[in-house]
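Heads up: the structure comes next, in structure tokens.
The values are calculated or read from the model by the stated rules, or taken from the named source; none is laboratory data. Since we're looking at a predicted model, the values are computed, not measured. Don't worry about glycine lacking a Cβ; one is built from the backbone with ideal geometry, like all the others, and counts go over all protein chains shown.
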Amino acid sequence: MGAPYSEKVMDHFMHPRNVGEMENPDGVGRVGNPICGDIMEMQLRIKEGVIVDAKFKTFGCGAAIATSSMATEMIKGKTIEEALKLTNQAVAEALDGLPPVKMHCSVLAEDAVKAAIDDYLRKTTGKGLEGWKPRSETEEHKH
Ligand code: FES
């Protein structure tokens, strides 16, 4: 049997980066996959439009943990605009791929980043991301 997960996925699953929480985060996003019940929470520290720190907690499968870990690494140091362009495919690619049946787990990571930015914008400008809804709650899943 071939290994279903890349070395990078296993590394981020076994040694997730940026796990935990911060004091008074500027933006908090919590998203869940209604099918499997997995939940991800992302906290961001944002200074002058730049994400200077990111922390996450994921109550979920290995792929969800690995993708949230990688997503925090990818958005740190990025502007809000750049972070909003982060797709779940890009996160999965950065991990050298995910098995097709686990791709939906990476959607949680993309959603959690966007949800945290949405929260930040609501708090600071009174207006969130226009027309945005978590994909994990609107797309169909095949488990
Ligand atoms: Fe639920 Fe991966 S996020 S199985």
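Surrounded by 16 or more Cβ atoms within 10 Å (Cβ to Cβ), within 16 Å of Pro16 (Cβ to Cβ), more than 10 Å from the chain's Cα centre (by Cα) and at pLDDT 95 or above, is that true of Leu95?
Taking the combined requirement at face value, the residue satisfies it.
Go through (1) within 16 Å of the ligand (Cβ to nearest atom); (2) among the β-branched types (Val, Ile, Thr); (3) surrounded by fewer than 19 Cβ atoms within 10 Å (Cβ to Cβ) and name the single condition Val50 misses.
(1)
Condition check: surrounded by 19 or more Cβ atoms within 10 Å (Cβ to Cβ), within 16 Å of the ligand (Cβ to nearest atom) and within 15 Å of Val91 (Cα to Cα). Does Thr67 satisfy that?
Here the answer is yes, as Thr67 does meet what is asked.
Mind checking which residues of segment 26-40 are in a loop (DSSP other than H, G, I, E, B) and without any contact (Cβ under 8 Å) to a residue 24 or more places away in the chain?
Correct list: Gly37 only.
Testing Val28 on (1) surrounded by fewer than 24 Cβ atoms within 10 Å (Cβ to Cβ); (2) touching an Asp or Glu at 6+ places or on another chain (Cβ under 9 Å); (3) over 18 Å from Pro134 (Cα atoms), one condition comes back false. Which one is that?
(3)
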